[in-house]
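Below you'll find the structure, written out as structure tokens, and then a few comments.
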Amino acid sequence: MLSKKQAAIAAIEEKQGLVTDTADRIWEFAELSLMEKRSAQFYCELLEKEGFLVERGICGIETAFSASFGSGRPVIGLLAEYDALSGLSQKAGSLVREELIAGGTGHGCGHNLLGAGALAAALGVKAYLETAGCPGTVVLYGCPGEEGGAAKAFMARDGVWKGLDAALTWHPEDVNEVRTGSSNSCIQVQYKFTGVASHAAGAPERGRSALDAVELMNIGVQFLREHMSDKARIHYAITDGGGCSPNVVQPRASVLYMVRSNHVAEAVELQERVDRIAQGAALMTDTTFERRFIDGLADTVSNHVLEQALFDNYQELGVPKYTSEEHAFADALAATYPGSDNVPGIAARYEDSAREQVERLRAEGGHAMNDFLAPLYKGEAFHPGSTDVGDVSWLAPTAQIHVAAWPNGCPGHSWQNVSCDRTKIGHKAALHAGKVLAATAIDLLSDPQLLAAATEEFKKRTAGGYVCPIPKDAVPVVPD
């Protein structure tokens, strides 16, 4: 099966230095959501040098881009991310918490590897198109703000994903597997209340408390919880309490809300109810408020046809292999956090037989790095977290894989992840992800029946239609 893909695999191996250097440069930049100016510029300049047609600032998002090669259909999209997280600066390859920059940022979710792996896949597919002489287009999309900004959802609102025949992506994890299952949709809105300041003892009647409005809004939402789906979630954080003086009627206060549901249409409806509670709180306190939409994203639509294709290529290509030094580092890193004995993977979570198989494979490996491919789960799994890949999956057949880049059970958004992201272990994950994605993209480019089957499943699963959580006039922002 891999014979027709040898040009792609060889291109990725030939360009491995370019790929790993990219991962390391993005790790150094460690830019927060929607602020990834150096990262986006680095990718765009590199891709232009590699012969891709690059469009910067797509959908009005400064740090978003597309890079295409080829012509005609099918059009296969590859999704890259490159935003970091606050407070996670960490020295690479360290087994202890060591900030590189005090209070700085770091790639605690491995997006430096994610983007580099997608780049590797794009380079591989380009090599295939050059040698095969067949119609088809590969597009690498630079998708900023996954950690807060949901650029893919804004791009969905603007119709970007409708032009794709399929989309593929990956994410660093502690296990090698094909991801499946739905996820939570999520909408974030900030409510900034304005009142009237006054002396709380001398003239309380003249004051109008914005903080009271926030508190009453929170109470209203508490009562709403009884009357919403048991699969929905509402979270909040008071982002401005109005100051630290209790003898002042607080003239300003703000609260950030996050509304989740496993169906985006329900999340949109629930968000409207939260908006009305904010209106009620303002009326009760004689204050005003500004509603500031932050971001929104949809639940994920599975595609078992694409997932099987990814799994088949994963099986044939195998998984990353590690040296004794890399095993020793991973084992020592795993000793720094609880949960390193967890049984990983989606299939193990839902099937007893898969759990037993994974436990056996872990025991046979004998190390913290999971150097096996976890079983493919073919049921309907659910992940309580949220990702803007969901919005892509509502508009084009979409699937993704996980590649082990961290030791088993490594906590998400942790300094351990950042430490591992700029090591040979992380590099191997990015390169291997690129090979699996490229091989599957080539299947979709060369096998009309496979693409037709994926499209048919997509149409059935999305028959109810996509409800976009992004208002028409919204622009990507980050909370104050």
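Note down all Cβ pairs under 7 Å where the first residue falls in the range 1-21 and is touching a residue at least 12 places away in the same chain (Cβ under 8 Å), the second is of a type in the set (S, T, Y) and assigned to a helix (DSSP H, G or I), and they're at least six residues apart or on different chains.
Pairs found: K4/S446; K5/Y128; A7/Y128; A7/T131; A8/Y128.
Inside the range 245-283, can you point out the residues that are aliphatic (A, V, I, L, M) and free of Cβ contacts under 8 Å to residues at least 12 places away in the same chain?
So the first thing to find is which residues in the range 245-283 are aliphatic (A, V, I, L, M), and the list is 248-249, 253, 255-256, 258-259, 264-265, 267-268, 270, 274, 277-278, 281-283.
Result: L283, single match.
Taking the residues in the range 388-424 that are charged (D, E, K, R) and touching a strand residue (DSSP E or B) at 6+ places or on another chain (Cβ under 6 Å) as candidates, determine which candidate is nearest to A167 (Cα to Cα). Steps first, answer last, please.
Residues of the range 388-424 charged (D, E, K, R): 388, 391, 421-422, 424.
Filter once more, so that each one left must be touching a strand residue (DSSP E or B) at 6+ places or on another chain (Cβ under 6 Å): 388, 391.
On the way: D388: 13, D391: 11 Å.
Looking at residues that are charged (D, E, K, R) and touching a strand residue (DSSP E or B) at 6+ places or on another chain (Cβ under 6 Å), I get D391.
Looking at the range 231-244, which of its residues are free of Cβ contacts under 8 Å to residues at least 60 places away in the same chain and touching a Ser or Thr at 6+ places or on another chain (Cβ under 6 Å)?
Hit for the range 231-244 is A232, nothing else.
Among the residues of the range 361-372, are any under 18 Å from the mean Cα position of the chain (by Cα), aliphatic (A, V, I, L, M) and either crowded, with 23+ Cβ neighbours inside 10 Å or farther than 24 Å from G106 by Cβ (or both)?
First pass over the range 361-372, keeping only residues under 18 Å from the mean Cα position of the chain (by Cα): none.
No: zero hits.
Across the range 2-52, what is the total count of residues that are on the phi > 0 side of the Ramachandran plot and out of contact with any Phe, Trp or Tyr (no Cβ under 9 Å at 6 or more places or on another chain)?
Let us first name the residues in the range 2-52 that are on the phi > 0 side of the Ramachandran plot, namely 30, 34, 51.
Still in the running and out of contact with any Phe, Trp or Tyr (no Cβ under 9 Å at 6 or more places or on another chain): 30, 34.
Here the count works out to 2.
Need the failing condition index for T288 against (1) in contact with a strand residue (DSSP E or B) (Cβ under 7 Å, 6 or more places away or on another chain); (2) within 30 Å of D212 (Cβ to Cβ); (3) surrounded by 19 or more Cβ atoms within 10 Å (Cβ to Cβ), just the number.
(3)
Conditions (1) within 30 Å of T194 (Cβ to Cβ); (2) in contact with a Gly (Cβ under 7 Å, 6 or more places away or on another chain), marked per residue:
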site: A278; (1), (2): yes, no
site: A309; (1), (2): no, no
site: N313; (1), (2): no, no
site: H327; (1), (2): no, no
site: V358; (1), (2): no, yes
site: L373; (1), (2): no, no
site: G379; (1), (2): no, no
site: T387; (1), (2): no, no
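List the residue pairs whose Cβ atoms are under 6 Å apart, where the first residue sits in the range 308-332 and is farther than 22 Å from V96 by Cβ, the second is in a helix (DSSP H, G or I) and among the acidic types (D, E), and the two are 6 or more positions apart or on different chains.
A309/D443
Whether any residue in the range 190-197 is touching an Asp or Glu at 6+ places or on another chain (Cβ under 8 Å), of a type in the set (S, T, N, Q) and touching a residue at least 40 places away in the same chain (Cβ under 8 Å) is what I want to check.
Yes: the range 190-197 contains one or more residues that are touching an Asp or Glu at 6+ places or on another chain (Cβ under 8 Å), of a type in the set (S, T, N, Q) and touching a residue at least 40 places away in the same chain (Cβ under 8 Å).
Quick one: which residue in L270, L283 is exposed (fewer than 14 other Cβ atoms within 10 Å of the Cβ) and more than 30 Å from Q416 (Cβ to Cβ)?
Working: L270 fails: exposed (fewer than 14 other Cβ atoms within 10 Å of the Cβ).
Every option except L283 fails the conditions.
Can you pull out the strands (runs of 3 or more DSSP E) entirely within the range 147-261 that have at least 2 residues that are more than 16 Å from the chain's Cα centre (by Cα)? Let's see the steps before the verdict.
Working: elements: 166-173, 177-179, 185-194, 233-240, 252-261.
By residue number, 185-194, 233-240, 252-261.
Given (1) surrounded by fewer than 24 Cβ atoms within 10 Å (Cβ to Cβ); (2) in contact (Cβ under 8 Å) with a residue 60 or more places away in the chain; (3) among the charged types (D, E, K, R), where does D421 come up short, assuming only one miss?
(1)
Name the residue that is farthest from A439 (Cα to Cα), counting only residues in the range 306-318 that are surrounded by fewer than 22 Cβ atoms within 10 Å (Cβ to Cβ) and either within 22 Å of the chain's Cα centre (by Cα) or among the aliphatic types (A, V, I, L, M) (or both).
Residues of the range 306-318 that are surrounded by fewer than 22 Cβ atoms within 10 Å (Cβ to Cβ), as a first pass: 308, 312, 315-318.
Next, only the ones that are either within 22 Å of the chain's Cα centre (by Cα) or among the aliphatic types (A, V, I, L, M) (or both) stay: 308, 317.
Details: Q308: 13, L317: 9 Å.
My answer is Q308.
For residues that are at pLDDT 95 or above and outside any helix (DSSP H, G or I), scanning just the range 127-139, find the one that is farthest from S71 (Cα to Cα).
Here the answer is V139.
Within the range 429-467, how many residues turn out to be crowded, with 21+ Cβ neighbours inside 10 Å and in contact with a Lys or Arg (Cβ under 8 Å, 6 or more places away or on another chain)?
Going through the range 429-467 one residue at a time, the tally reaches 3.
The values are calculated or read from the model by the stated rules, or taken from the named source; none is laboratory data. Nothing here was measured: the structure is a model prediction, and the numbers come from that model. Note: ideal-geometry Cβ built from the backbone for every residue, glycine included; neighbour counts use all protein chains shown.
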